[in-house]
Amino acid sequence: MLKFILRRVLSMILVVLIVASATFFMMRLLPSGPFAREKKLPAEIIKNLEERYHLDDPLWKQYVDYIKNLLQGDLGPSFKYRNRTVNNIINDGFPVSAALGAVAVLLAVVIGIPLGIWAALRQNGWQDNLVMFVALLGVSVPNFIMAVLLMLIFALGLHVVPAAGWGTFKQIILPAITLAGYPIAFLARLVRSSMLEVLRQEYITTARAKGLSESLVIFRHALRNILIPVVTVLGPLIAAVFTGSFVVEKIFAIPGLGRYYVTSINDRDYTTILGVTIFYSALLVFMNFLVDLTYAWLDPRIRYVERKVS
Amino acid sequence: MNENNVLMHIQGLATSFHTYAGVVHAVDDMTLTVPKDSVVGIVGESGSGKSVTMMSVMRLIPSPPGRIEGGHVWFDGEALGMSDRLEKDGPDKGMVDLLSLPAEEMMKVRGRHIGMIFQDPMVSLNPVLTIGLQMTESMVVHGLATKEESWKRAVDMLALVGIPNPEERMRDYPHQYSGGMRQRVMIGMALSCSPELVIADEPTTSLDVTVQAQILELMKELKAKFKSSIVIISHDLSIVAGMADKVVVMYAGRMLEEADACDLYEKPGHPYTMGLMKSVPRLDAERTAARQSWRRAPCAVFSPPSDCAGSSWICEGGIAMDTILKVEHLKKYFAVNVGGPFARHRASLKAVDDVSFDVGRGETVGLVGETGCGKTTVGRTIVGLYAPTAGSITYCDENLCALTHEAMRKVRSKLQMIFQDPYASLNPRMTVGNIIEEPMDIFRIGTMAERRERVQELLHTVGLNPEHANRFPHEFSGGQRQRIGIARALAMSPDFIIADEPISALDVSIQAQIVNMLEDLQQNLGLTYLFIAHDLAMVKHISDRVVVLYLGKIVEVDESKDIYRHPLHPYTKALLSAVPIPDPRVEMQRQRIVLKGDLPSPINPPSGCHFRTRCPIAQPICSQQEPELRDMGSGHVVACHFVD
Amino acid sequence: MAGQTGWQFKDGAGPDAGSFAPAPRDSAELQQVAGQPTTYWSDAIRRIRRNKLAVVGFWIIIALLVVAIVGPMVSPYSYEDQDLENTFQSPTLRHPFGTDQLGRDQLTRVMYGSRISLAVGIVCAALNFLIGVTYGGIAAYFGGRVDDIMMRIVDILYGIPTLIIVILLTVLFKDRGVNPLVNVFIAIGLTYWLPMARIVRGEILSLKEREFALAAKTIGATNNRILFRHLIPNAMGPIIVTVTLEIPSAIFTEAFLSYIGLGVSAPVASWGVLASDGTQAIRSYPYLVLFPALAISLTMFAFNFLGDGLRDALDPRLRQ
C-alpha cells in the first residue's frame, strides 16, 4: 500500500513537471514577446522590463530557474499586474473557486445519485423517461448558455436572485446551479445505467432468494456496487466543474481563479497562464489520486486481486 | 396438515416472457409434486423451462419481460405456519398457494422456507460484501437469531460445509475464495435457516469434475443431516442419477416423463428420454465405433498436395503408426502481474511445464485435465497461437518452432483448430460463406468460382444447407455454428485437427451429433485429431489414446481402453471416479475417491510432485522429489513414485 | 436454461431440434436456420427507429445541415452587411431574430454560424476518428511494451483538463497568425481523440482474445488482415457512437473558445461570438443572446439524442 502511494506521488510529480515544461516552452514559442501587445513601449522600457523578468537570459537558464522556483512553490511574478505574484493571484482566487466548485460537486452527488437510482427503480415508467429526458438536456446545454439562460430568467426576468457578484448566499445560487447542471445530469444517467446492470446480476437474485426486503437489496447489496463506476468518473467530473468555472465566473462576475485565468489569457499574461495551468494540473492529478484511493477502498477486489490468466 | 406427505405441489404452472420478438412460453402447464424429505431431479436441455419453473416458485422471474400466467404452487401450510391462508379442502387441503401470497408474505418464505443454490458461484455472491455478512443476513432478516448468534451459527455452518478456518474466513470477500469454496458457501447460505426445501439450479455445472464430486457428496451428506427436500435441476442425467429419488424430464416447458429414478434409467418411457440417454457417452461402456479403414476423400482435388503426406498412410485394416506430431519438452510460461495495483510484481505462470507426447497419423489423442491444467495452452502452442518458452514441436519432420513467420503460415493450412465456443469463434460481421472461404482466400487457392463451389461442398459435408452460405452466424443454432467452424477447419484439407473442447458448450443431444460427425470425417478424410476436453466419458468414446495433464505436467498416458480399466496415477483414478454414471444402480455401488481442495495456483505450484497436495497416498518423498514419467510397458506411461 | 446465467432468450428458445445417436448427416432439421435473415446493421437500424428521440435528433441534424447550406444563400442579407440606421432592432418580420449593434441581420448571422459549427463538428470528429482509431488500434494490437508506453502518454494527457490544452494550443496558433477557423480545427482535432483511442484500444484488446480472432490466425491470416477484416469491423459500433458524441463536444468547444475571445472573431459569425456579443447587451437586448443560445442548445440536443440512441442500438455495454 505504502509502495503504491509512493509510486503514485512520484508519477504525479512527474506529470506536473511534464505539463510545466510543455507549457513553459509553448509560451516561449509565441512570436510576440510578452510586452508586445501593450501600446508601443519605448525600446528602453522593454529592455528594462526584460531585464527585470530575466527574459534576456538564455532560454535554458530561464527554464532551469523557473523549474527551481516551481519546486519551491514559487510561480513567479505576474507580467500584467506589476505588484503581484502568481502565488498572490492563486491565493486570492482559488478559495472562491474552490468554494463554488465544492458546492457544485456536492449538489451533483446529492441530487444526481438519488435521481439515477429513482429512475432505475422505475425503469421505463414516465418518471424514468422524464428524468432521463431532462438529464439528456442537462448534458447537452453548454455551461455558458445555461448561465446566460438562468440569468435571463431568474435574475433579469423574475428578479429572485441577483444577476452577478460574490459574497452573499443568494449570489452563489445561480453559478452553483450552472456548474452543477452537467455533473447532476451526467451522474443521474450513469447511476441509472449501472443500477440497471447491477440489478441484473446473479448476486442480487441470491439476495432476493434469501428473503431480503427490496430496500435491503438496493441499499446493502446494490448501492456499493454502483458507487464503484461513479467514483471512477468523479475525477473527470471535478475537472469539468473547474474548467466550467472559467466562463461561469466571468459571466457572474465572481472573483475566482477561473476568471483570472481567462483574463490572463486575453492579456497574454504568460507567467499567470503558466502558473495557473500548472496549478490546475497539479490539483486534478491530486484529485485523481484521491479517487483511486477511494476506489480501492470501495472495491475489495482491487486490494488483493491477482490477474487471471486462463 | 395435508395427508399426502407432500411438501410442494406445482399445478398447471405457466410462465411466459414477453420479448420484442414475441411471447416465449417458457413454462406451459407444468405439474410436479415434491414429497417431504426427498430429492427430485429435473432434467432437460437448454430452454426446456426447468430453471424458469423453479424461479417461478420463488417468484423471482424478472418482470418485465417475464410473467407468471397461471397455475398454483401449493406449499405445506404447516411448515409455513400460515394457518390463515390454508386451502380449506380439495386435494391440496392444508396447503398454501405461494403464487397468491402478498409480496411481503412471500419475502418471509424465501430463504426461510425455500433456500436456493445457483449455478455459477463466481457471480452469485456479492463481490463487495464479506462472506460473514452474506452468511448471516438471512438469519437476521427472518428473525431467527440476533447478530451475534447468527455470526456463531454461520461459523458453524461454514465448518459444516467444509471451509477451513471458518472464523477467519468470515471476514473475507468472495474473490478470496475459489469456485468450489464459493459453492460451499452458497450451500451453507441456502441451509442457514434450515429451509424445508432447497432448490439447486445446476449446482455443479460451472465446476471442474473433481470439485463437482465434492459438492455432490456434500449435498448428500447435508441432505441426511437437515432433512430438507431438494429439487436438483440439471442438464446432466448422470448427476441426477446419483442423487435423486424421483426424476422429471422436461421438454419445451412441459413435463414429459416422471418416474422413480431407477425405473427411468432402466426403461425410459418417452422416446425423448431414450434419445437423451443414448446421447450421453458412458464411462462404463465399451467404445463401439471401431475404425479399421479409411481413405482419402475425393473432394480434396484442388488443394495442393501436402509435402509430408507419404503414400504409406493410405492403408486398409490396422492402424499405420507413423508419427505425425511430436511434442518434446514443451514449456509455455506466461508473465503475469500478481498482487493488484498496490503491490505488483511480475511472476511466471507455468501453464505448460515440460510436456512431451506424440500423435500417430490417423489417431485420435485425447488431452484431458481440469481447468488450468494447461490443455488449451498445449493446443494453442501447437498451432502457433503462442510461442513456446522452450521445447520443440515437430510436425511431419519439420520443427515448427524453428520456422519463420511466413513458413509457419503455410504449415497452418495443414494444421487446423476447432474452437470451444461456437458463438465466439465465428466473426459475427462475416457471412458463413466468407468465413469458410477465408482460408482459401488467404492462400489464394482457386478462382472465385472454384472457391464458392468448394464452400458449397464443405457446407454439404458438415450437413448444412449449401444455400445458407450468405447467412450470418447469429442466424444459426449452437450446433449448426459448430458445424460451420468445422467446415472452416476443413477448407484447406488439413491432415491434423486440434479440437479444443469442441462440444462442451453444446447441449447433450447436439454433442452426440457433432462427435459422430467428427468420427465420420476422420474415416472419410483420414484426419488425425488432438481432442482436448474435460469430459472423460466423451474422451473415452472418441480417443485411441489419452494424455492426462495436471498443473502443466503429464501424469499419465495410455490407450484409452486400458486407462479406463486400469488407471495407475491417483489423479487419473480420482478423475475417473468423479465422473458420474447415468445409472442410479451403478452410482450407488461405486466407491468414490473424492479429492480434497482445489487446483493449486500454477503461478506457485507445490514442490516435488504437483499433485501431492490433493493426493490421497502422498508421502514425504512426494514433496522433495519430482516423479519421473516411467514406462509401464505397451505405451502406458505414468508419473508417480508409488506405481509398480 | 442450462449452461447460462441470466434470462436472455435466444431466438427460438426451444432446444435444438434433431434426433440422437447416431447423428444424421443430412437431417432435415439441420437445413433450417433459426433466426431472421438480418444482419447486425439492419438490426441496429430497426432498433434505432424505435427510439423516438434519436429519430427526432436525426431529422434536426438534417434540417440544420439544410439551413447551414441553403440558409445564407437565400437570405436577402449577408452576415457582414452593416445597417447603422437599424441597430438593435427587436425581432420583426423583416428581421425575425432582430439586428445587432451594427444593424446586422441576426437570423442570417445565426444561419451562417451553423455553417461554422457544423464544419467544426465534422472536421474535428473526422480528425479525432483518424488519430484515435490508429493510435488505439496500434497500441492494442501490438500490446506489451508498445501498449504500455502509448497508454502512459494517454494517461498523462488525461491528467490535464482537455479544455486547458485546447486553450493553450489556440493561443499559440492564434498568435502565430493561423486562420482562426483552421486554428480551432487543429486545437480540437489534436486533443479530443483521447477517449476514442481508449475505447478502440479496449475493444481491440478484448476482441483479439476472442476465438474468431484466434481462428483467423490459425487459418494463416496476416496481422493486417486480422486487424482490418476481423477486429476493427467488430469495434465499429462503439467507434460510431464515440464519433457521434464527439461532434457536439467539438461544437461546444468552438463556441466556448469564441465566447471567451479565442476562436473565430467578428465579423465572422460563429454561435460563440454571437452569444458572447449578446451577453454584453443582455440587460437591454436579451433576444440577441437568446437565439444563438437556442441554436447551440438545439444542435447539442440533436447530436446527443442521436448518439444516445446509437449507443443503445449498437452497443449496450458501453455506457456513461
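A few remarks follow.
- C-alpha long axis of helix A:43-52 to longest principal axis of chain A, angle in °: 60 degrees
- Dipole-positive endmost among B:32, B:14, B:86 within region B:1-88 (Cβ charges, Cα centre): B:14
- The listed peptides B:402-408, B:582-588, ordered by packing as a protection proxy, come out as B:582-588, B:402-408 (highest mean of other Cβ atoms within 10 Å first).
- Screening chain C for DSSP H helices whose Cα atoms reach 18 Å or more along their own axis and whose mean Kyte hydropathy is at least -1.0 gives C:52-74, C:106-142, C:144-158, C:162-175, C:194-209, C:232-259, C:287-314.
- Counting Cα-Cα pairs of region B:395-457 in 5 Å increments starting at 0 gives whole-percent bin shares of 3, 15, 20, 19, 20, 14, 8, 1.
- Cross-link reach list, lysines versus residue B:147, counting only Cα pairs under 23 Å and skipping chain neighbours closer than eight places: A:210, B:108
- Mean per-residue shielding of peptide C:217-229 is 6, counting Cβ atoms of other chains within 10 Å of each Cβ.
- Cβ charges +1 (Lys, Arg) and -1 (Asp, Glu), total dipole of the protein assembly as shown, debye: 2960 debye
- Rounded to the nearest 500, the 222 nm mean residue ellipticity of chain B from helices alone is -9000 deg cm²/dmol, with -39,500 (n - 2.57) taken per DSSP H run of at least 4 residues.
- Total lysine pairs in chain C at Cα distances under 29 Å, for residues eight or more apart or on different chains: 4.
- Simple rule: put +1 on each Lys or Arg Cβ and -1 on each Asp or Glu Cβ in region B:537-644, find the dipole, and look at B:549, B:539, B:578; the Cα lying farthest toward the positive end is B:578.
- Qualifying aspartates and glutamates (Cα of each under 20 Å from Cα of residue B:88; at least 8 residues distant if same chain): B:3, B:76, B:78, B:97, B:105
- Only helices enter this figure: runs of n ≥ 4 DSSP H residues, each worth -39500 (n - 2.57), summed and divided by the residues of chain A, yield -23500 deg cm²/dmol at 222 nm to the nearest 500.
- For peptide B:501-510, the mean count of partner chain Cβ atoms within 10 Å of a residue's Cβ comes to 3.
- Here region A:124-245 is described by how far its Cα atoms reach on the three principal axes: 56, 31, 26 Å, from widest to narrowest.
- Charge dipole (chain C, unit charges on Cβ, about Cα centre) - positive-most of C:215, C:62, C:171: C:215
- Note that region A:92-158, at 37 °C in a medium of 0.692 mPa s, gets a Stokes-Einstein diffusion coefficient of 233 µm²/s from its Kirkwood radius over C-alpha pairs.
- Taken along the Cα-to-beta-carbon direction at a fixed 7 Å, the label points for residue B:89 and residue A:123 span 4.6 nm.
- R0 of 51 Å, Cβ-Cβ distance residue A:294-residue B:78: FRET efficiency to nearest 0.05: 0.50
- Per residue of A:132-144, other chain Cβ atoms within 10 Å of the residue Cβ number 6 on average.
- Taking the longest Cα principal axis of chain A as reference, the axis of helix A:169-199 is set at about 40 degrees.
- Relative to the longest principal axis of the Cα atoms of chain B, the long axis of helix B:147-160 makes an angle of roughly 40 degrees.
- Cross-link pairs beyond the 22 Å C-alpha cut-off, checked among B:220/B:553; B:246/B:278; B:220/B:278; B:50/B:596; B:225/B:246: B:220/B:553; B:220/B:278; B:50/B:596
- Dipole magnitude for chain C: about 540 debye, using +1 per Lys or Arg Cβ and -1 per Asp or Glu Cβ, origin at the Cα centre.
- Protection proxy ranking, highest mean first, for peptides C:92-105, B:172-185, A:173-186, A:45-58: A:173-186, B:172-185, C:92-105, A:45-58, where packing is the per-residue count of other beta-carbon atoms within 10 Å, averaged.
- Taking every alpha-carbon pair within the protein assembly as shown, the share separated by more than 61 Å comes to 24 percent.
- Nearby aspartates and glutamates by direct alpha-carbon distance to residue B:561 (threshold 15 angstrom, same-chain neighbours under 8 apart not counted): B:284, B:286, B:363, B:544
- Annotation: the antiparallel percentage among DSSP beta bridges lying fully within chain B is about 60.
- DSSP assigns beta bridges within the protein assembly as shown; of those with both partners inside it, close to 60 percent run antiparallel.
- Integer Hz, Karplus 6.51/-1.76/1.60 couplings in order for region B:222-228, x for Gly and Pro: 5, 4, 5, 6, 8, 6, 7
- Pairwise FRET efficiency - residue B:623 versus residue A:4, Cβ, R0 = 45 Å, nearest 0.05: 0.80
- Nearest-0.05 FRET efficiency for residue C:65 and residue B:37, computed from C-beta distance (R0 51 Å): 0.10
Read the figures in this text as sums done on the coordinates, not as results from a lab. This is a predicted model, so every value here is computed, not measured. Cβ sites come from the backbone with ideal geometry, for glycine too, and all protein chains shown count toward neighbours.
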